[in-house]
Amino acid sequence: AQSVSQHNHHVILSEAASLELGCNYSYGGTVNLFWYVQYPGQHLQLLLKYFSGDPLVKGIKGFEAEFIKSKFSFNLRKPSVQWSDTAEYFCAVLTGGGNKLTFGTGTQLKVEL
Amino acid sequence: ETGVTQSPTHLIKTRGQQVTLRCSSQSGHNTVSWYQQALGQGPQFIFQYYREEENGRGNFPPRFSGLQFPNYSSELNVNALELDDSALYLCASSLWGTSYEQYFGPGTRLTVT
């Protein structure tokens, strides 16, 4: 069965620090990969997605992610975090014939002033 | 453009009871997916509905059932509630064939006592 692993469950950073959240997936076929974010009290929303082409994808709010096929990874990065980036981040892969999102367990990011 | 809405916001039920959760899809969307998000976990796919029929199901027992109506809104029904059913239930809507563009609602928080 397909699965998604997020290695960091809780991350605490100071403002302006760099961020990298790990994500690994287990699926041998063509994958569509996503990062979602859930800000406190808000809906789950899409940060960025990868389908094909350039393995470095850019999303909203300065986030980017790199797809490394050989490592089955899709890590999320941001050069300089802000207090407003405090949220829970979920990595996901689209499977099941293209209609099922399989999510990781999430990483709770807290950015301190 | 109207986003995905869900009702009720919160619900408390007793073990053994039945519950119905409701979802109105985003304007223009004809596909609805339901997810269960237990505390500290990522969302887990329950099932998807398109053209009023179930189209794909996750690892959930038959006591989890759903409906989709001609206006594309949807219901999630859970019979014989168990304590482990306590979770946030998320609805996501999309256009058929574009499950990579799922828009999530705010969720219904179900507590089973």
For residues that are part of a loop (DSSP other than H, G, I, E, B) and open to solvent by less than 40 Å² (accessible area, probe 1.4 Å), scanning just the stretch A:1-19, find the one that is farthest from the other protein chains (Cβ to nearest Cβ). A:A17
Out of the residues in the stretch A:62-86 that are open to solvent by 20 Å² or more (accessible area, probe 1.4 Å), of a type in the set (F, W, Y) and within 16 Å of A:G22 (Cα to Cα), state the one that is nearest to the chain's Cα centre (by Cα). A:F67
Show me the strands (runs of 3 or more DSSP E) found entirely inside the stretch B:1-70 where at least 3 residues are facing chain A (nearest Cβ under 10 Å) and open to solvent by less than 40 Å² (accessible area, probe 1.4 Å). B:31-37, B:44-50
Can you tell me which residue in the stretch B:95-113 is nearest to the chain's Cα centre (by Cα), limited to those that are more than 9 Å from chain A (Cβ to nearest Cβ) and buried (at least 18 other Cβ atoms within 10 Å of the Cβ)? B:T108
Mind checking which residues of the stretch A:98-113 are away from chain B (no Cβ under 14 Å) and either in contact with a Leu (Cβ under 6 Å, 6 or more places away or on another chain) or of a type in the set (D, E, K, R) (or both)? A:K110, A:V111, A:E112
Of everything in the stretch B:83-94 that's in contact with a Lys or Arg (Cβ under 9 Å, 6 or more places away or on another chain) and under 17 Å from B:I12 (Cα atoms), which residue is surrounded by the fewest Cβ atoms within 10 Å (Cβ to Cβ)? B:L83
Residue by residue through the stretch A:70-93, note down the ones that are among the polar types (S, T, N, Q), within 17 Å of A:S5 (Cβ to Cβ) and in contact (Cβ under 8 Å) with a residue 12 or more places away in the chain. A:S73, A:N75
Given the residues A:G29, A:G53, A:G59, A:G22, which is the only one that is more than 10 Å from chain B (Cβ to nearest Cβ), closer than 21 Å to A:H10 by Cα and open to solvent by less than 70 Å² (accessible area, probe 1.4 Å)? A:G22
When the stretch A:44-78 is checked residue by residue, the ones that are at pLDDT below 90 and in contact with a Phe, Trp or Tyr (Cβ under 9 Å, 6 or more places away or on another chain) are A:F51
For B:A80, indicate whether it is of a type in the set (G, A, S), open to solvent by 50 Å² or more (accessible area, probe 1.4 Å) and either away from chain A (no Cβ under 12 Å) or touching a residue at least 24 places away in the same chain (Cβ under 8 Å) (or both). yes
Every residue in the stretch B:71-82 that is among the hydrophobic types (A, V, I, L, M, F, W, C) and assigned to a strand (DSSP E or B), please. B:L76, B:V78
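Go through the residues of the stretch A:87-97 one by one and say whether even a single one is open to solvent by less than 70 Å² (accessible area, probe 1.4 Å), outside any strand (DSSP E or B) and within 9 Å of chain B (Cβ to nearest Cβ). Even if it seems obvious, please write down each step before you answer.
Taking the stretch A:87-97 and keeping what is open to solvent by less than 70 Å² (accessible area, probe 1.4 Å), we get A:87-96.
If we keep only those that are outside any strand (DSSP E or B) too, we end up with A:96.
Applying the additional criterion that residues be within 9 Å of chain B (Cβ to nearest Cβ) yields A:96.
Yes; the residues of the stretch A:87-97 include at least one that is open to solvent by less than 70 Å² (accessible area, probe 1.4 Å), outside any strand (DSSP E or B) and within 9 Å of chain B (Cβ to nearest Cβ).
The values are calculated or read from the model by the stated rules, or taken from the named source; none is laboratory data. Just so you know, these numbers come straight off a predicted model, no measurement behind them. We place every Cβ from the backbone using ideal geometry, glycine too, and count neighbours over all the protein chains shown. Note: accessible area is taken over every heavy atom of the protein model, side chains too, but ligands, DNA and RNA are not part of it. Shrake-Rupley method; radii C 1.70, N 1.55, O 1.52, S 1.80 Å.
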